[in-house]
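Some notes on the structure that comes next.
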Ligand SMILES: C[S@@+](CC[C@H](N)C(=O)[O-])C[C@H]1O[C@@H](n2cnc3c(N)ncnc32)[C@H](O)[C@@H]1O
Ligand code: SF4
Ligand code: SF4
């Protein structure tokens, strides 16, 4: 089997070596001189969504219904992401598949370095140079539909299977599953793995991050959460070694508070990811925050976000 790291083949890694140089020097700059320069980017490319999921942070701060043109996005790409030599850019929203023109622009500007987080309810286009699609799955069929709306699971299932079955024998590699664990779906993790493992390359887990104290979807720190995480670690160290993408160091962190106090990040390396909203404005403190001061704030103390905790697990801090 040809060598692969994070879905990247050997040839690709060779082609990208100048980029790795940038990433490596950023990492060294951080380790040796505490120099903080962003490694990743995230962009809310659209301010519209076709779903209204129960757990969603995006709806909490959504206001005006404006979007940028392609030319404006090109400017954001150059000024925010390329200038900073970010390695991977993640496209979010709203629902990014409702702005396929912008998705195509990012994929063209960042070949094999742009991934799209999608609810999967729209047909998934084959884009030769996409890194991969993160498909959000929030439990078994029943729980996913309770959280995401009637027949959301069925639509996503059909679109993923159509993608995998019509785009050649390697198409499954483009599909990665992301599950946000909350108090409703925490006992459906094994079912999610069994439902999707034959049609996807990887699965990543993160935990629901609340914006207010007492959010019933948050899974409290304690025995139940620890047990769920231990089960994921067991699967990762057993049958699903190559499928579950979270490193054990990150999963261990998720057992307790790792990011900050109240709504203030402390250990969280917010500097490592430049996040822009649908107008290209930088969001604070992180990709689920907002460019506006008066917005609702995520509770760092109870954070379960994967993209930042993975960096803390690798020794990068705020
Ligand atoms: C806001 S959505 C945007 C992309 C697309 N609409 C989707 O659902 O995949 C991005 C990801 O954030 C997750 N998410 C939403 N609210 C969250 C929260 N409060 N805590 C952690 N993750 C959350 C979603 O499940 C989804 O995987
Ligand atoms: S589909 Fe994505 S953006 Fe839309 S409400 Fe659900 S989680 Fe939020
Ligand atoms: S990812 Fe956001 S919410 Fe979580 S600890 Fe960091 S800044 Fe706070």
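Descriptive notes on the structure:
- Just so you know, the Rg over Rh for the range 84-160 is 1.02, from Cα atoms, with Rh as the Kirkwood radius.
- Here, P(r) means the percent of Cα pairs in each 10 Å bin from 0 to the largest distance; for the chain it is 6, 27, 38, 25, 4, 0.
- FRET efficiency, residue 296 to residue 266 (Cβ-Cβ, R0 25 Å, nearest 0.05): 0.80
- Cα centroid separation - the range 65-81 against the range 157-198, whole Å: 31
- The chain, helix-only ellipticity at 222 nm - DSSP H runs n ≥ 4, -39,500 (n - 2.57), divided by all residues, nearest 500: -9500 deg cm²/dmol
- Comparing mean-square fluctuations of 115, 53, 287 from a GNM of the chain with C-alpha springs under 10 Å, the top value falls on 53.
- Classification of the range 98-241 by its C-alpha gyration tensor yields a prolate form. The axis ratio a/c (a ≥ b ≥ c) is 1.5 or more, and a/b outweighs b/c.
- GNM remark for the chain: springs join alpha carbons under 10 Å apart, and the peak mean-square fluctuation among 185, 167, 201 falls on 167.
- Prolate/oblate/rounded call for the range 208-318, Cα gyration tensor, a/c under 1.5 rounded: prolate
- Highest to lowest packing among 62-68, 108-114, scored as the average C-beta count within 10 Å: 108-114, 62-68
- Most mobile listed residue (187, 278, 208) in the chain, GNM with C-alpha springs under 10 Å: 187
No value in this document is a laboratory result; all are computed from the given coordinates. Since the structure is predicted, the reported quantities are computational estimates derived from the model, not experimental observations. Backbone-built Cβ (ideal geometry, glycine too); neighbour counts: all protein chains shown.
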